[in-house]
Every structure is written in C-alpha cells, then in structure tokens.
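The values are calculated or read from the model by the stated rules, or taken from the named source; none is laboratory data. This structure is a prediction, so every number in the text was calculated from the model and none was measured. When we count neighbours, we look across all protein chains shown, and the Cβ atoms used for this are built from the backbone with ideal geometry, even at glycine. For the accessible areas, the whole protein counts, side chains as well, though only heavy atoms, and no ligand, DNA or RNA atoms are used. Shrake-Rupley method; radii C 1.70, N 1.55, O 1.52, S 1.80 Å.
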Amino acid sequence: MRLYELSEIVDKKFSNGEQISENIINEIKNIVSEGGFTGMAQINPIAGNIEYNAKKIAKYIKYADSIGLDMVVFPELALMGYPIEDTIDRHPFIVEENMKWLKGLAKITKNTTALVGFVEPRDKKAEGKRFYNSVAILQGGKIQGIVRKSLLPTYSEFNDYRYIEPSPVVGLDGGLYNGVGITICEDCWNNKNFFEKNLYEKDPIDELHKAGAKLFVNCSASPTRAKKEQLKHNMLSFVSKSYKTPLIYVNQVGAIDNISFDGSSRMFDENGELIARAKSFEEQFLIVNPTKKIGKIYPLTKGLEKSLTEQKVFTLEYESDLERTYKTIVQGIRDYFNKCGFKRAVLGLSGGLDSTVCAVLLADAIGAENVFGVSMPSKLTSKESKSDAAELAHNLGINFTEASIKPMVDTTTECLNDLFKVVESKWDDRYKTSFTPDNIQARSRAMFLWGISNEFGSCIPIATSDKSELYMGYATINGDMSGGFAPIADVPKTKLFAFARWMNANREVKNAIPEAIILKKPGAELAIDPKTGKTLIAEDALMPYEFLDEIIWRIENKNEGYNDFLETEFVYEKKNNVSREQKIEWLDKFYRRMSTALYKWSILPPSVLVEARSINKSDYRQPITSGRINYKGVDVNHIDSALSL
C-alpha cells in the first residue's frame with residue numbers, strides 16, 4: 001500500500017534528521033483525508049532527558065497535524081522516560097520541568113489530538129504518594145484532559161507503587177474522551193477471563209467498556225522477556241475480541257539500563273484480529289485506521305510467530321527465541337553506551353564461549369573499531385585458547401592484543417604469601433585448599449581491563465559471566481564479574497551454545513566464531529583438576545549444564561523446589577542414565593552454591609534482562625543473609641522435636 005511506502009520514507013528521514021518534502025506530506029495527507037486515522041509514535045526516550053524527549057514528541061505531533069491525522073499516541077511516560085525510579089523523589093524539580101515541557105507541547109497542537117505520557121505532581125497536602133503516572137490529552141493548543149494510571153505493577157522489574165499513586169477512577173474523570181477509552185500499560189493486563197489469577201480487584205478496560213468506549217488505546221512501556229510476546233499477543237487479542245472493540249497499543253522501544261523494550265506496537269480489530277504491528281526494536285511512526293481496518297503488519301523477530309502457541313515447558317530448542325535475544329542484547333548495549341556517553345569497550349578474550357559471544361554482540365552494537373579484546377594468558381592458558389581468541393578478533397575486525405598476567409600474578413602471590421604468614425600468626429582456620437591462586441589470576445586480568453578503561457576516554461570494561469555460572473557463584477568478584485556492563489548475565493549456558501551457532505549463521509559476516517570455541521568444553525583455565533591432571537572443566541566443578549539450566553528454569557518459571565526436582569524427570573535424564581544418588585548430589589551442590597552466591601548477585605553490573613525471570617537486582621531481590629534457608633524442607637516430627645521444651 002502506497003501509504004506505508006511513504007511512511008517508510010518519512011521514518012528514514014526522521015532518523016537522519018532530514019526535512020520531509022511537501023510532496024510526500026501532501027500525498028500522505030490525501031490518502032488519510034477521509035479521517036479516522038491514528039499515528040502510533042513508537043519512540044525511544046532517554047530517562048530524565050525531558051528536552052530530548054519533548055523535541056522528539058514535538059516532531060511527531062507536528063507531522064501528524066500536517067498530514068491531518070485525528071490522533072497521535074505516544075508510549076507511557078514518553079516525556080519523562082520509563083522507568084524513572086527514585087529520580088523524581090530525590091530531585092522533584094524534574095517533575096516540574098516535565099510539566100513546563102508538557103504545556104509547551106500543548107501549545108503546538110492544532111487539530112490532531114496527541115496522547116502524551118508524563119509524570120503528574122499531586123497536591124502536596126493530599127494523602128498518598130506524591131505523583132501520578134498520567135497521559136495528557138493535548139489538542140487545540142491546550143491540555144484538554146488527563147488520564148491517570150490505575151493499576152501499578154510492583155513486581156519483577158516494575159516498581160511503580162514506590163512513588164506513584166493509583167488513580168481512584170478510570171479514564172477521564174471516570175469516563176472517556178470522545179469515545180476513546182485510554183489506559184496506561186498495566187491497566188489493560190487484568191482481564192478476569194484471560195488470567196487464571198488477577199493481581200487487582202478492578203479491570204479498567206471493563207469499566208471503560210461499560211462507560212461506552214468505542215476504541216481502546218493503551219499507552220505502554222512493556223519490556224521484552226522470553227515468552228512475553230506470546231502472552232502479550234494473546235491477551236490483547238482476547239481483550240479486543242471479548243469487548244468487540246478495536247484496540248490500539250503503543251509501546252516504548254529502546255533500552256533503559258537493564259530493561260529492553262521491543263516496541264512492536266499494534267492494533268487489533270473488534271474480532272481480535274491483528275490489523276497492524278510496528279517494527280520490533282526500531283523507532284517507527286505507524287499510521288492505522290481502526291474503523292476501516294487499515295494497517296500494515298511488520299514481522300516479529302524470526303521464530304516468535306511460531307512460538308505464540310508454545311506450551312510453557314523447559315526445552316533445549318532455543319531457535320524460536322534467538323533473534324529476539326540477539327536484538328534485545330544489542331539494543332541494550334547500544335542504548336546503554338549511547339545514553340551514558342560511552343563509546344568504547346574493552347574485554348578479556350579467553351578463547352572461551354562467554355567472552356566470545358560478548359565480543360560479537362559488542363562489535364555489532366557499538367562498532368568493531370570501538371571494541372578492544374585482550375588475551376591475558378597465564379601459565380595454565382593453552383595455545384588453543386590464545387589462537388582461538390586471536391582468530392575471533394581477526395574475524396570480527398576488533399582491536400586485539402596479548403598481555404601476559406604472569407608477572408602480576410607472581411608479584412601478587414609473593415606479596416600475599418608474606419602477608420598470610422603474619423595473619424596466620426594471629427588467626428587459625430587457614431584453608432587447606434585455597435582458591436586464592438585462581439582469584440589472583442582473574443583479578444589480575446580485571447586490573448588490566450580497568451587500567452585501559454581508566455587511561456582511555458569513554459571506555460568501560462565488560463563483565464562476561466553468564467547466567468548459569470552466576471547462579472553457582474562460579475565467577476570472581478573483581479575478576480570476570482568486574483565491569484561496567486554485563487551483556488550475557490541473563491543468558492543460560494545451553495542457550496549461549498545455540499546462540500553462538502545462530503550468530504554464525506545469521507550475521508552479515510558468517511562463521512566469525514571459530515568452530516573450535518563452540519566445541520570446546522567451558523573452563524576458566526585457572527586451576528588443575530587433581531583427578532585428570534588437566535585444567536579444570538566447568539561441568540566437572542559444577543554439573544552438566546543441561547541439568548543445571550533446567551533447575552534454574554524450573555525455579556524461575558514454575559516455582560518448583562528441591563523435592564519437586566527429585567520426582568521430576570529432567571530433559572537431561574531422558575538421554576543420560578542418572579542415579580538417584582547422583583541427582584541428589586547435584587541438587588545439594590546447586591542449592592549450596594546458589595545460597596552462597598547471593599552476595600555476588602547483589603554487585604552484578606548493569607545487564608540486559610532477556611529471560612522470563614532473572615537474578616538481576618532490578619528484577620529479583622532476596623536478602624543475602626537468607627542463605628541458610630533449608631531448601632529441602634522439614635517434616636512435622638522434626639518441628640515438634642525442635643520446639644519441645
């Protein structure tokens with residue numbers, strides 16, 4: 001359709017900062033002249049940079065008015081950026097600033113109605129929280145009305161209720177605006193017939209339907225997570241079909257710290273049929289007409305369409321989620337660097353899978369010329385590890401060098417041994433088996449990376465730990481955990497293997513990752529395994545990754561525990577003979593190591609949320625001192641005995 005050919009041209013010109021010709025504007029204006037058209041302005045804001053966000057919003061408002069659209073819709077808190085967290089409480093002047101800019105945006109509106117998300121200050125004398133999460137209805141040079149968010153999510157990465165007061169009424173003064181039922185994100189996620197269990201008593205969509213809504217509009221900032229698209233698609237379709245009412249959903253795109261938003265704004269008709277969907281992970285202005293069912297459906301990331309009806313079970317078949325994973329992390333890296341003012345990244349290249357995947361993602365996100373890989377061999381580093389790292393760097397076109405850590409390790413070891421003798425004269429309980437040599441190596445490497453970061457502008461070191469090993473505490477504080485960003489901290493190891501193969505097959509430059517790295521059994525090359533006389537393999541220190549990753553998945557997605565696992569046949573067990581004794585040994589090791597790794601999770605650098613659940617502190621909080629939880633549980637007889645006087 002010609003409308004969308006022209007829209008593609010407009011989006012490209014907007015992204016390049018170019019002017020749109022009168023011919024293009026007039027042609028689009030002619031197409032939409034019959035009325036009923038809405039612009040879905042899927043934008044990427046910067047949290048707290050109100051001037052930047054306001055200028056972007058203004059650009060789209062002026063464009064929408066110039067072509068004669070009835071309405072233009074922006075995401076939740078588009079003016080402030082979502083999430084804004086404690087900033088508005090610690091620095092309340094920023095809320096006043098967003099009000100000034102909102103009034104300025106109102107002045108530029110003409111015939112087109114603009115729905116703009118912002119933070120609204122409440123009366124200082126009013127009871128409750130200090131602010132509302134609101135959407136302003138701008139039209140004719142004025143703020144015509146305000147809609148406030150009713151349902152405030154306070155779970156996972158969401159923390160709305162910390163400073164936001166829920167609206168006591170739904171819609172504009174309890175009603176509608178010209179037949180449009182306006183909701184904000186969570187407000188449309190509480191349908192009692194769709195969800196088995198609801199978090200809130202009221203359903204704003206249901207109330208707006210009873211008030212006579214002819215169109216639902218949802219201004220959203222909904223992050224991408226594993227299986228989130230499946231839930232979102234089916235829920236929005238169900239809502240529009242249930243109420244026989246078209247639904248427009250406009251979602252934020254881009255990343256803010258740990259959270260990556262996929263955009264994918266969309267429109268469903270009154271039968272729940274998808275009529276339009278914007279691009280994923282890109283800013284876009286998509287024009288739709290809910291009455292005439294006019295729209296264009298852009299594809300989701302490859303594989304997600306196939307997963308819309310998948311059951312929630314653990315699987316090692318990751319193909320349907322790999323492109324989404326790639327775009328989620330690349331966007332997360334790119335926006336973190338751009339919005340924080342960083343330009344370059346330095347990371348250790350060990351020749352292993354974790355640092356390899358990180359290097360590929362960084363090269364694609366910020367440019368190969370801005371990435372420096374450093375091979376830092378010790379006396380335990382194999383020739384293959386060094387050559388694999390060098391080959392990867394060459395294939396990616398990133399900067400590369402080799403710097404031995406042996407002199408630093410030797411000097412540090414000598415200094416510490418002298419110190420330990422003094423301490424031992426006062427304290428007993430010195431470990432018979434020490435991990436100090438392992439940690440000296442890991443921390444020496446971090447010293448090199450931080451040194452480069454401190455010496456060269458706009459550069460941060462990268463922490464390369466993956467989710468599986470972080471769960472087990474199989475990572476060194478101030479070592480491989482140390483950095484300014486952790487790209488793969490929410491990606492389990494089994495998925496990383498599939499991810500590496502996917503990138504080899506789908507990047508513009510094929511097979512950049514040497515096959516030897518993918519086939520290599522992971523190991524940090526920090527210590528010798530006394531059983532084999534060779535460097536320690538990670539799975540020998542932990543357990544098979546397929547088994548480990550299923551434990552993690554079942555805890556995070558099914559809330560299952562130790563005793564559930566004993567009676568459950570794991571995917572790994574279907575292919576391998578595992579005795580009950582061996583299974584108990586692995587489970588005991590998992591809970592023992594996990595409980596002592598909690599403090600490491602608390603100091604993890606910013607990372608990208610990828611999976612449905614994570615250990616990222618913006619998503620999950622557990623007291624570090626809770627490490628003595630008895631995960632096996634106790635029987636009643638033991639309780640009676642323990643409490644007897």
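Here Ala211 passes the criteria (1) at pLDDT 95 or above; (2) of a type in the set (Gly, Ala, Ser); (3) surrounded by fewer than 24 Cβ atoms within 10 Å (Cβ to Cβ) except the one numbered (1). Residue count for the stretch 296-326 under the criterion of being crowded, with 16+ Cβ neighbours inside 10 Å, touching a Lys or Arg at 6+ places or on another chain (Cβ under 7 Å), more than 23 Å from Cys358 (Cβ to Cβ) and at pLDDT 95 or above: the result is 1. Please go through the stretch 14-61 and pick out each residue that is part of a helix (DSSP H, G or I), charged (D, E, K, R) and more than 25 Å from Cys340 (Cα to Cα). Scanning the stretch 14-61 gives Glu22, Glu27, Lys29. Between Asp410, Asp418, Asp364, the distinction of being out of contact with any strand residue (DSSP E or B) (no Cβ under 9 Å at 6 or more places or on another chain) and either surrounded by 15 or more Cβ atoms within 10 Å (Cβ to Cβ) or in a loop (DSSP other than H, G, I, E, B) (or both) belongs to Asp364 only.
For Lys232, the stated conditions do not hold, so it cannot be described as closer than 29 Å to Pro121 by Cα, under 29 Å from the mean Cα position of the chain (by Cα) and of a type in the set (Lys, Arg).
If only residues of the stretch 585-642 that are in contact (Cβ under 8 Å) with a residue 24 or more places away in the chain and acidic (Asp, Glu) are counted, the one that is farthest from Pro487 (Cα to Cα) is Asp619.
Within the stretch 119-159, if we keep just the residues that are surrounded by fewer than 22 Cβ atoms within 10 Å (Cβ to Cβ), among the basic types (Lys, Arg) and in contact with a helix residue (DSSP H, G or I) (Cβ under 9 Å, 6 or more places away or on another chain), the residue that is nearest to Asn178 (Cα to Cα) turns out to be Lys142.
Would you say Lys339 is part of a helix (DSSP H, G or I), under 27 Å from Ser15 (Cβ atoms) and open to solvent by 20 Å² or more (accessible area, probe 1.4 Å)?
Considered against the rule, which asks whether it is part of a helix (DSSP H, G or I), under 27 Å from Ser15 (Cβ atoms) and open to solvent by 20 Å² or more (accessible area, probe 1.4 Å), Lys339 comes out as yes.
Does Thr401 satisfy the condition of being closer than 30 Å to Arg507 by Cα, in contact with a Ser or Thr (Cβ under 9 Å, 6 or more places away or on another chain), at pLDDT 95 or above and open to solvent by 50 Å² or more (accessible area, probe 1.4 Å)? Spelling it out, Thr401 is indeed closer than 30 Å to Arg507 by Cα, in contact with a Ser or Thr (Cβ under 9 Å, 6 or more places away or on another chain), at pLDDT 95 or above and open to solvent by 50 Å² or more (accessible area, probe 1.4 Å). Quick one: would you say Asn478 is of a type in the set (S, T, N, Q), surrounded by fewer than 20 Cβ atoms within 10 Å (Cβ to Cβ) and in a helix (DSSP H, G or I)? In short, no. Restricting attention to the stretch 361-388, the residues that are touching a residue at least 40 places away in the same chain (Cβ under 8 Å) and closer than 20 Å to Arg445 by Cα add up to 11. Taking the stated definitions as given, is Leu536 at pLDDT 90 or above and either open to solvent by less than 50 Å² (accessible area, probe 1.4 Å) or out of contact with any Cys (no Cβ under 7 Å at 6 or more places or on another chain) (or both)? Against the criterion (at pLDDT 90 or above and either open to solvent by less than 50 Å² (accessible area, probe 1.4 Å) or out of contact with any Cys (no Cβ under 7 Å at 6 or more places or on another chain) (or both)), Leu536 does not qualify. Among the residues of the stretch 481-496, those identified as at pLDDT 95 or above, assigned to a loop (DSSP other than H, G, I, E, B) and of a type outside the set (Val, Ile, Thr) are Gly483, Gly484, Pro487, Ala489, Asp490, Pro492. Taken over the stretch 421-442, residues that are in a helix (DSSP H, G or I) and either small (Gly, Ala, Ser) or in contact with a helix residue (DSSP H, G or I) (Cβ under 8 Å, 6 or more places away or on another chain) (or both) amount to 5. Total residues in the stretch 248-297 satisfying the condition of being in a loop (DSSP other than H, G, I, E, B), farther than 25 Å from Val610 by Cα and not basic (Lys, Arg): the figure is 8. Taken together, the residues in the stretch 447-475 that are crowded, with 22+ Cβ neighbours inside 10 Å and either of a type in the set (S, T, N, Q) or without any contact (Cβ under 8 Å) to a residue 40 or more places away in the chain (or both) amount to 3. Restricting attention to the stretch 539-557 and to residues that are open to solvent by 50 Å² or more (accessible area, probe 1.4 Å) and at pLDDT below 95, the residue that is nearest to Ser465 (Cα to Cα) turns out to be Glu539. Taking the numbered list (1) closer than 21 Å to Asn218 by Cα; (2) open to solvent by 10 Å² or more (accessible area, probe 1.4 Å) in turn, Ser264 passes all entries but (2).
Among the residues of the stretch 522-546, those that are touching a residue at least 24 places away in the same chain (Cβ under 8 Å) and outside any loop (DSSP other than H, G, I, E, B) comprise Ile528, Thr535, Ala538, Ala541, Tyr545, Glu546. Within the stretch 40-61, not a single residue is of a type in the set (Lys, Arg), farther than 25 Å from Val217 by Cβ and either touching a residue at least 40 places away in the same chain (Cβ under 8 Å) or out of contact with any strand residue (DSSP E or B) (no Cβ under 8 Å at 6 or more places or on another chain) (or both). Scanning the stretch 367-394 for residues that are in a helix (DSSP H, G or I) and open to solvent by 50 Å² or more (accessible area, probe 1.4 Å) gives Glu369, Lys383, Glu384, Lys386, Ser387, Glu391, His394.
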